[in-house]
Amino acid sequence: MTVGENARNSLPSIVRDLSTVFDEVRGTAGQEIAEVEVDTPASIVLTLADGRIVEWGAAGRDHEKAVALEMVLSQPGEIWNVSNPALPTTR
């Protein structure tokens with residue numbers, strides 16, 4: 001896990017948030033998380049075991065984001081942004 005300078009002051013809450021994110025991603029999308037990068041509390045980025053990248057954004061609406069991720073993972077692309085689960089994007 002990489003935590004940016006702007007996120008270090010919020011580390012206890014970030015760890016709690018990541019626990020929820022991990023549970024949702026593993027339970028809903030069935031994915032293993034290989035790496036986590038948190039530049040700010042609102043910028044959580046997950047790297048899945050297969051190398052694909054998920055721009056999660058801030059914690060919150062985690063179940064909705066995991067469901068959106070599950071839907072987009074079948075699409076071509078390497079980077080998915082599910083920070084707005086109503087409008088996930090890929091590139």
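Miscellaneous remarks
- Any hit, segment 56-75, residues being free of Cβ contacts under 8 Å to residues at least 24 places away in the same chain and in contact with a strand residue (DSSP E or B) (Cβ under 6 Å, 6 or more places away or on another chain): yes
- Counting only strands (runs of 3 or more DSSP E) that sit completely within segment 1-83, those holding 1 or more residues that are charged (D, E, K, R) correspond to 33-38, 53-57.
- The residues on offer are Gly4, Gly57, and the sole one that is open to solvent by less than 40 Å² (accessible area, probe 1.4 Å) and over 11 Å from the mean Cα position of the chain (by Cα) is Gly4.
- The set of residues in segment 7-29 being more than 21 Å from Leu87 (Cα to Cα), at pLDDT below 85 and open to solvent by less than 40 Å² (accessible area, probe 1.4 Å) consists of Ala7 alone.
- Pairs, first within 12 Å of Ser43 (Cβ to Cβ) in segment 1-20, second part of a strand (DSSP E or B) and open to solvent by 40 Å² or more (accessible area, probe 1.4 Å), C-beta under 7 Å, six or more apart: Thr2/Glu37
- Pick from segment 38-54, criterion of a type in the set (Val, Ile, Thr) and farther than 18 Å from Glu78 by Cβ, ranking: modelled with the lowest pLDDT: Thr40
- Considering each residue of segment 40-53 in turn, at least one proves to be open to solvent by 70 Å² or more (accessible area, probe 1.4 Å), within 20 Å of Met1 (Cβ to Cβ) and touching a strand residue (DSSP E or B) at 6+ places or on another chain (Cβ under 9 Å).
- Glu32 vs. criteria of a type in the set (Asp, Glu) and at pLDDT below 90: yes
- Exactly one residue out of Glu78, Glu32 is open to solvent by 40 Å² or more (accessible area, probe 1.4 Å) and either on the phi > 0 side of the Ramachandran plot or in contact with a Leu (Cβ under 9 Å, 6 or more places away or on another chain) (or both): that is Glu32.
The values are calculated or read from the model by the stated rules, or taken from the named source; none is laboratory data. Here the structure is a predicted model, which means the values were calculated and not measured. FYI the Cβ positions are ideal-geometry reconstructions off the backbone, even for glycines, and counts take in every protein chain you see. With ligands, DNA and RNA removed, areas are computed over all heavy atoms of the protein, side chains included. Shrake-Rupley method; radii C 1.70, N 1.55, O 1.52, S 1.80 Å.
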